[in-house]
Every structure is written in structure tokens, then in C-alpha cells.
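Notes to accompany the following structure.
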Amino acid sequence: MHSTKLVKKKSLVAAICLLLMFCFVNYAAAQEADKWQYEATLYLWLPSIDGDLKYTLPGGGGDTLPIDASKVLDSLDMAFMGAFEARYNKLSFATDFIYLDLSNSKNTVIPIGPVAVDVNAGLNITGWTITGIAGYDVVQTDRVRLAIIGGVRYFTLDTDLSINSSVDLPDPIPPNNRSLSLSESTDLWDGIVGVRGAIMLNEHWYLPYYADIGTGDSDLTWQLFGGIGYMFNWGDIKLGYRYLKYDQSDDKLLQDFTFDGFLLGVGFRF
């Protein structure tokens, strides 16, 4: 039942985002076409994962199981990342989409109650995030562009954990139990504010940058990006480093959870 509701919620969010993008593109097309600028970008991002996932153990009583994701995950099954921007003079609108699918299993040590136990732990994480922002350039020269931005970021994450041990797991796991399967998910809406822009080094080379911070369903989320790009007549190629962090309250799933790594993007202007 929960899974069905989650699928419906994801479908509704995706439909709303697509509808808003469709309305915006049609509105923009009705304006003076020669004054609007667009860019669609595809990225390859291979992030590392860090932070704890806190699972609620069966049987109630408030018992939890913290899992250090970085000790289990080291494989990326699939990733997709893309962005779209529309610009009119100093005003800009942009949306960003990330999809990640990660899984792995390995022998590790986890704390169960007061005891550290050697187990084989398998973890699968699937999730996606959509960020929508509007910005206004407060600095716009031939060499520097700085925009103040505000918007919303939606993040959904599904996790499945399996634990297998050669000995009975200690309390609070029920006796005579050597395996455990847990699933948790979270959906977060957060308002964000920040800055974005670029510094031109010459006619072709430039330094793009981005930073935001926000809160809402999460206690704190923030994101940083910096890199270097090269401009062509048709678009640009950029290489950079992206860091995305989420933190929820102590009783929630995500504890100081981060995605970070290098990315390579190709943008097409039209």
C-alpha cells in the first residue's frame, strides 16, 4: 500500500514538473524569440556516497539501526543528470534533474544494540531529485555574471537493506534470527536560496559556479558546484565538482548524507 502511494506521489510530482516546463516553454515562445536564450545540458556524474541511514527495527520500542552507507556502497548501477535553462536579459529560469541507482553487498561490521557484529550487508539505493529555480542577475558584465536565485528542490529516496550473519543477531533482533531485511523511503520538499554565475577568463574559457542552501522537510540541504568550461558556437563543455548534502532530524532516515564527485557536461544552446 505504501509502495503504491509512493509511486502515485512520484508520478504526480513528475507530471506537475513537466506541465510547468511545458507552460513555461510555450510562454517563452510567445515572446520575442531573438531575446530569449536556451541551453540544455547532459551530464555524466559519478558521485561517492557518505553518511548514515537510520533504520527503524521491527518490534517497535524505538530501536534503530544506523548503517554507514560508505562502508557498503561502492557501485553505481545507473545515473542520469540533465539541466535546462531559459534566459531573458537579467532574468533566468532553470531546472535540474538527477537520477541515481546504486547497489552493493560486502562483509562489514555494524552496531546492533550494544554489540558490533560481523555481517554480510547488502544495500540498494534508488532516488531522484528535481530542482527548479528562478534567478536575477545582480552583476552582469562582459567578464562576470552573478545571479541571486530562489526555488524548490524535491528529493525522493528508496532504500533496501539486507543483513546476513553466521551467528544469531543480538538484541533487539528477535532470538534465533540470523538475517534481517529492512526498507525505508523518504520524500523531501525544501525551499532554497543561493547564487550562480560565471567568470569569463577569455573569449572561450570560463569558470561556472553555483551554491544554494535550504530547509523544509529536511533540517538542512545545501549544494556546491565549481568548475571550468569552454564555449563553442553551438554550446559548451564543462568539467566540475558537485557536492550535495542532506540532513534530517535524529529520528529520520538521512543522517549527514552526501553525494559528491566530478562531473562532465555538454551543453547545447539554441
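Quick notes on this one:
- Computed over protein heavy atoms with a 1.4 Å probe, the accessible surface of the stretch 128-270 works out to 48 Å² per residue.
- Residues VAL266 and ASN164, FRET efficiency given R0 of 45 Å [Cβ-Cβ distance, rounded to 0.05]: 0.55
- Neighbour net charge for THR215 - beta-carbon separation under 10 angstrom, K R +1, D E -1: -4
- Around ASP260: net Lys/Arg minus Asp/Glu count, Cβ-Cβ under 13 Å: 0
- Rolling a 1.4 Å probe over the protein heavy atoms leaves LYS35 with an accessible area of roughly 90 Å².
- Simple point charges give the picture: +1 on the Cβ of Lys and Arg, -1 on the Cβ of Asp and Glu, and for the stretch 96-213 a dipole about the Cα centre of about 260 debye.
- Förster radius 25 Å - calculated FRET efficiency between PHE80 and LEU239, Cβ distance, rounded to 0.05: 0.85
- Cα-based shape type of the stretch 189-250, given that a ≥ b ≥ c are square roots of the gyration tensor eigenvalues and the cut on a/c is 1.5: prolate
- In this rough spin-label picture, where each label sits 7 Å from Cα along the Cβ direction, the GLN37-ILE213 distance is 2.9 nm.
- What separates the Cα centres of the stretch 231-270 and the stretch 142-216 is a distance of 10 Å.
- Looking at the stretch 136-223, the trypsin sites (Lys or Arg not before Pro) that sit in a DSSP loop and have at most 13 other Cβ atoms within 10 Å of their own Cβ are ARG143, ARG178.
- Across the stretch 132-259, Cα pairs under 8 Å and at least six residues apart give a relative contact order of 17 percent.
- Virtual spin-label span in nm between VAL193 and SER48, 7 Å along Cα→Cβ: 3.3
- Computed in the context of the full set of protein chains, the accessible area of the stretch 74-211 at 1.4 Å probe radius has 58% of its extent on carbon or sulfur.
- For the stretch 206-251, averaging the sequence separation of C-alpha pairs within contact (under 8 Å, six or more residues apart) and dividing by the residue count gives a relative contact order of 37 percent.
The values are calculated or read from the model by the stated rules, or taken from the named source; none is laboratory data. All figures in this text were calculated on a predicted structure; none of them were measured in a lab. For neighbour counting, all protein chains shown are included, and Cβ atoms are generated from backbone atoms with ideal geometry for every residue, glycine included. The area values use the complete protein model at the heavy-atom level, side chains included, leaving out ligands, DNA and RNA. Shrake-Rupley method; radii C 1.70, N 1.55, O 1.52, S 1.80 Å.
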